[in-house]
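Reviewing the structure listed below.
The values are calculated or read from the model by the stated rules, or taken from the named source; none is laboratory data. Since this is a predicted model, take the numbers as computed values, not measurements. Cβ placement follows ideal geometry from the backbone for every residue including glycine, while neighbour counts extend to all protein chains displayed.
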Amino acid sequence: MCEHAVHVALLPNAGMGHLIPFLRLADLLVRHSCRVTLITTKSTVSLAESELLSRFESSFPQINRVDFDLLPFDPTTANSNDPFWLRWESVRRSAHLLIPVLSSISPPLSAFVYGMTLISPMIPVTEALCLQSYILFTSSARMFSFYSYFPSVADGATSASDVLEIPGISPVPTTSIPPLLLVPNSLFAKIFTEDGRKLRKLNGVLVNTFEELEAESIEALKLRDGLPPVFALGPFMPCEFEKLKSNDGDADSPLKWLNGQPQDSVVYVCFGSRTAMKREQIREMGDGLLKSGCRFLWVVKVKIVDSEEEEELEKVVGEELMNGLKEKGLVVKTWVDQKAILDHPSIGGFVSHCGWNSVSEAAWYGVRVLAWPQHGDQKINAEVVERSGLGMWQKDWGWGGEQMVKGEEIGKANKKIMSTESLKNSALCVKEAARKAVSVGGSCEINFERLIEEWKD
Ligand code: BUP
């Protein structure tokens, strides 16, 4: 690598939904001949994170890995019981310790890209070091529009109504606002509003999205006053290092099972790495999958953190239901290779919570989505799914966990997503646009080159 290559330090937030796009960004940077230093906390919250990091490390020996030692942290001093949010807060409180760490990295850094919940504490760090300061916003551009506008809502600049009018984008229904933002003094609300007010101090915001998926929001962000430049660098492509090695050889391997299913016949059901579904809803989901008459591959989770998943699958789902389910589908309670699943020809539909990575992967593989947002940014992302033609959203189901959705309804919605030809075709159009965005001369490449030029200055 040349002595004067751009050198970027990356500090991801805790959680697979944040780590995965950061590591895909690292891969993209390396492919553009940049030097990368990856800063991570010594321990991770979930096992999936530490396993992914070790696969990444063996694939990229040239990437410099730096441990970030956190200060002791008393979780009772933060208003949250979510282990991932508590880790984010712990990193925030230790941010100043990064000044000597970053200044000792050699060759000197061109820019520092960190997680989206670290803005307030990282700005003084990058200011002290005269270092360019960026975030990787690991959600949609529509969510960023909302995020950057929210401080004015919190200040009471808008009137009470059923929708939020945000300049340049279609109105956001108030029912799509992340529920924790409405909980006074929640850690989520505190970080969200505190950081939202500091955005103008950033040199830029990187988003895993692309023009054809989110033209309206990307355009609106360009025109909004007081915001740093937004770089739409997506779609981030799934990478080789993410592949699970043991998966193919395992008799129960989802991929092996998928190989035996007809083309476009299977619904994949997964609500991401951080959604713990209530037991009663799990039973209704199982019932719905049976009622739909479709084949399915279902990933079940009952805990927010994977290391706490101790109970056997049969007990969680119920033995009788489990026996019925085995005739038509595969149910697992382990980490699966979602990219390989979505890429499999037998997959036709995806019942998804609409975590942004899942949406972006569905777009990349052209798999139609049945959106069932569970929390956080997911309703705002579901709006993108619906508007882009990538899928449909059963709005009357509300937030997952808010009300019990009956098996009957789930079955009907599954049948609809699998049998609606127009939906299948529009999802394939999104795939085509995604592939175009990353092709030579596409929007991803143009924006990436623009960013690297900034870092060379
Ligand atoms: Br579960 C699971 N295998 O078994 P999202 C997830 N994934 O590869 P989340 C697997 O994790 P946030 C599994 O492909 C995606 O890249 C999946 O990210 C992968 O949702 C990622 O979709 C999940 O953004 O994160 O986990 O809820 O809350 O940050 O949105």
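Kindly establish whether Ser140 is touching a residue at least 60 places away in the same chain (Cβ under 8 Å), surrounded by 14 or more Cβ atoms within 10 Å (Cβ to Cβ) and within 16 Å of the ligand (Cβ to nearest atom). So Ser140 fits the description; yes.
Taken together, the criteria place Val36 among residues that are free of Cβ contacts under 8 Å to residues at least 60 places away in the same chain and either of a type in the set (A, V, I, L, M, F, W, C) or within 12 Å of the ligand (Cβ to nearest atom) (or both).
The single condition from (1) out of contact with any Ser or Thr (no Cβ under 9 Å at 6 or more places or on another chain); (2) more than 16 Å from the ligand (Cβ to nearest atom); (3) not small (Gly, Ala, Ser) that Lys415 fails is (1). Candidates are the residues of the range 327-366 that are closer than 24 Å to Val316 by Cβ and among the hydroxyl-bearing types (Ser, Thr, Tyr); the one that is nearest to the ligand (Cβ to nearest atom) is Ser358.
The helices (runs of 4 or more DSSP H) located wholly in the range 338-447 that include 2 or more residues which are modelled with pLDDT of 95 or more and over 16 Å from Thr209 (Cβ atoms) occupy 338-342, 407-419, 421-437. Hey, any hits in the range 386-397 for a residue that's closer than 21 Å to Val300 by Cβ and away from the ligand (no atom under 16 Å from the Cβ)? The answer is yes, given that some residue of the range 386-397 is closer than 21 Å to Val300 by Cβ and away from the ligand (no atom under 16 Å from the Cβ). Looking across the range 193-232, the residues that are outside any helix (DSSP H, G or I), hydrophobic (A, V, I, L, M, F, W, C) and over 18 Å from the mean Cα position of the chain (by Cα) come down to Leu202, Leu227. Within the range 259-271, the residues that satisfy the criterion of being assigned to a loop (DSSP other than H, G, I, E, B) and surrounded by fewer than 22 Cβ atoms within 10 Å (Cβ to Cβ) are Gly260, Gln261, Pro262, Gln263, Asp264, Ser265. Only one entry of Val302, Val267 meets the criterion of being in contact (Cβ under 8 Å) with a residue 24 or more places away in the chain, more than 13 Å from the ligand (Cβ to nearest atom) and in contact with a Lys or Arg (Cβ under 9 Å, 6 or more places away or on another chain), and that entry is Val267.
Contact map, the range 176-190: first residue without any contact (Cβ under 8 Å) to a residue 12 or more places away in the chain, second residue not small (Gly, Ala, Ser), Cβ cut-off under 7 Å, separation 6 or more or different chains; pairs are Ala189/Leu180; Ala189/Leu181; Ala189/Val183. Restricting the first member to the range 422-443 and to residues that are under 23 Å from Val230 (Cα atoms), and the second to residues that are among the aromatic types (Phe, Trp, Tyr) and outside any helix (DSSP H, G or I), the beta-carbon pairs closer than 6 Å and six or more apart or on different chains are Ala437/Phe210; Ser443/Phe210.
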